[in-house]
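**Q** Below are the structure tokens for one structure; questions will follow.
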There are 2 protein chains.
Amino acid sequence: MSTNVANLLGGTAAVLTTASFFPQLLRIWRTRSAHAISTTTYTIFLIGVLLWIAYGLLIGGWPIVVANTITALEALAILGLKRRFSRGQRP
Amino acid sequence: MSTNVANLLGGTAAVLTTASFFPQLLRIWRTRSAHAISTTTYTIFLIGVLLWIAYGLLIGGWPIVVANTITALEALAILGLKRRFSRGQRP
């Protein structure tokens, strides 16, 4: 029972924290603005997420691998948009 | 050996993904700009992180609880700065 509740909480937590970066991506795309976005944040975050993937592969935790692969792609996309929309602007 | 490597990877991953939001906080504070920051992202992210804390408490995973408590405070601070620096600006 407690394990079921824990799995439900953990699963929902994983879905929410993974899904949460889509609105950020959309906002940068729509406003064509990424001035407030920290490149340092998303670079450190991306390295952390890649280590989470390695950790998931090592312990055979596939939900960790899947969730963090999606998050890594979102972080990469946010860094790409930041680069694209920062050209010609002051940093 | 493999468990040690996994713990090292997981621990480093936790430190990096937790630390990564500090530069974002600093950037908003210093530039007084949060236009590109998505409120939806940080709200969903905060709910997800709170669920991670509940999950960590249930399974007795204290590193999960500690890392996510710090992340929750960072997300709250980013939402607070977003609110503060968005006043009087168009959304």
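The values are calculated or read from the model by the stated rules, or taken from the named source; none is laboratory data. Note that the coordinates shown come from a computational prediction; the quantities given were computed from them, not determined experimentally. Note: ideal-geometry Cβ built from the backbone for every residue, glycine included; neighbour counts use all protein chains shown.
**Q** Can you tell me which residue among B:Ile37, B:Ile44, B:Ile28 is outside any helix (DSSP H, G or I), at the interface with another protein chain (Cβ under 10 Å from one of its Cβ atoms) and not polar (S, T, N, Q)? Please lay out each step first, then the result.
**A** Details: B:Ile44 fails: outside any helix (DSSP H, G or I); B:Ile28 fails: outside any helix (DSSP H, G or I).
Just a single option satisfies the conditions, and that option is B:Ile37.
**Q** Just to check your reading of the model, which residue among A:Val5, A:Val65, A:Val49 is of a type in the set (Val, Ile, Thr) and more than 8 Å from chain B (Cβ to nearest Cβ)? Spell out how you get there, then give the answer.
**A** Numbers: A:Val5 fails: more than 8 Å from chain B (Cβ to nearest Cβ); A:Val49 fails: more than 8 Å from chain B (Cβ to nearest Cβ).
Answer to the check: A:Val65.
**Q** Output yes when any residue across region B:65-78 is over 26 Å from A:Lys82 (Cβ atoms), modelled with pLDDT under 95 and not charged (D, E, K, R), and no when none is.
**A** First, pick out the residues of region B:65-78 that are over 26 Å from A:Lys82 (Cβ atoms): B:65-66, B:69.
In the following step, the residues that additionally are modelled with pLDDT under 95 were identified as B:65-66.
Cutting the leftovers down to not charged (D, E, K, R) gives us B:65-66.
Checking region B:65-78: at least one residue is over 26 Å from A:Lys82 (Cβ atoms), modelled with pLDDT under 95 and not charged (D, E, K, R).
**Q** Here's another thing I want to ask about it. Of all residues in region A:52-62, count the ones that are hydrophobic (A, V, I, L, M, F, W, C) and either touching a residue at least 60 places away in the same chain (Cβ under 8 Å) or more than 7 Å from chain B (Cβ to nearest Cβ) (or both).
**A** 3
**Q** Could you list all residues from region A:1-21 that are crowded, with 19+ Cβ neighbours inside 10 Å and of a type in the set (Ser, Thr, Tyr)?
**A** Answer for region A:1-21, where residues must be crowded, with 19+ Cβ neighbours inside 10 Å and of a type in the set (Ser, Thr, Tyr): A:Thr17, A:Thr18, A:Ser20.
**Q** Does region A:68-78 include one or more residues that are under 17 Å from B:Trp52 (Cα atoms), in contact with a helix residue (DSSP H, G or I) (Cβ under 7 Å, 6 or more places away or on another chain) and not aliphatic (A, V, I, L, M)? Lay out the reasoning, then the answer.
**A** Looking only at region A:68-78, we keep the residues that are under 17 Å from B:Trp52 (Cα atoms), and these are A:68, A:71.
If we keep only those that are in contact with a helix residue (DSSP H, G or I) (Cβ under 7 Å, 6 or more places away or on another chain) too, we end up with A:68, A:71.
Retained after the next criterion (residues that are not aliphatic (A, V, I, L, M)): A:68, A:71.
Yes; the residues of region A:68-78 include at least one that is under 17 Å from B:Trp52 (Cα atoms), in contact with a helix residue (DSSP H, G or I) (Cβ under 7 Å, 6 or more places away or on another chain) and not aliphatic (A, V, I, L, M).
**Q** How many residues are of a type in the set (D, E, K, R) and surrounded by fewer than 15 Cβ atoms within 10 Å (Cβ to Cβ) when one looks only at region A:22-54? So that I can check it myself, show each step before the final result.
**A** Taking region A:22-54 and keeping what is of a type in the set (D, E, K, R), we get A:27, A:30, A:32.
When the remaining residues are screened for being surrounded by fewer than 15 Cβ atoms within 10 Å (Cβ to Cβ), the result is A:30, A:32.
Selection size over region A:22-54: 2.
**Q** Give just the number: which of (1) at pLDDT below 95; (2) farther than 19 Å from A:Phe21 by Cβ; (3) in contact with a helix residue (DSSP H, G or I) (Cβ under 9 Å, 6 or more places away or on another chain) does B:Gly60 not satisfy?
**A** All conditions are met except number (3).
**Q** Tally time: how many residues in region B:1-25 are modelled with pLDDT under 95 and outside any helix (DSSP H, G or I)?
**A** Residues meeting the conditions: 1.
**Q** Okay, moving on. Answer with yes or no whether A:Leu46 is in contact with a Leu (Cβ under 7 Å, 6 or more places away or on another chain), closer than 19 Å to B:Ile64 by Cα and in contact (Cβ under 8 Å) with a residue 12 or more places away in the chain.
**A** Spelling it out, A:Leu46 is indeed in contact with a Leu (Cβ under 7 Å, 6 or more places away or on another chain), closer than 19 Å to B:Ile64 by Cα and in contact (Cβ under 8 Å) with a residue 12 or more places away in the chain.
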